[in-house]
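Take a look at the structure below.
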């Protein structure tokens with residue numbers, strides 16, 4: 001995801017996309033577990049929910065950290081506004 005700056009839409013899409021990817025991967029596992037025993041399916045479902053939350057949090061942190069680093073870099077390279085400029 002390259003871009004010129006931070007976007008809340010990009011943050012939301014990336015975070016929810018990662019959660020959706022975990023859901024897509026975990027659904028066949030949940031279905032297979034439900035064929036074995038209902039309690040096993042419940043346990044796998046709870047683990048899938050925890051994995052979804054972890055994936056959403058991980059991706060959101062990466063996007064925000066990247067934006068913060070870009071902001072720090074922009075502040076470092078920007079000339080100091082307190083000094084007179086060359087004319």
Filter result (exposed (fewer than 13 other Cβ atoms within 10 Å of the Cβ), more than 9 Å from the chain's Cα centre (by Cα) and either outside any helix (DSSP H, G or I) or at pLDDT 95 or above (or both)) within region 44-73: 46, 50, 53
Residues of region 5-16 satisfying the condition of being touching a helix residue (DSSP H, G or I) at 6+ places or on another chain (Cβ under 8 Å) and assigned to a helix (DSSP H, G or I): 10, 11, 14, 15, 16
Residue list for region 28-42, restricted to those being loosely packed, with under 13 Cβ neighbours inside 10 Å and assigned to a helix (DSSP H, G or I): 28, 31, 32, 35, 36, 38, 39
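The values are calculated or read from the model by the stated rules, or taken from the named source; none is laboratory data. Being a predicted model, the structure only gives us computed values, none of them experimental. When we count neighbours, we look across all protein chains shown, and the Cβ atoms used for this are built from the backbone with ideal geometry, even at glycine.
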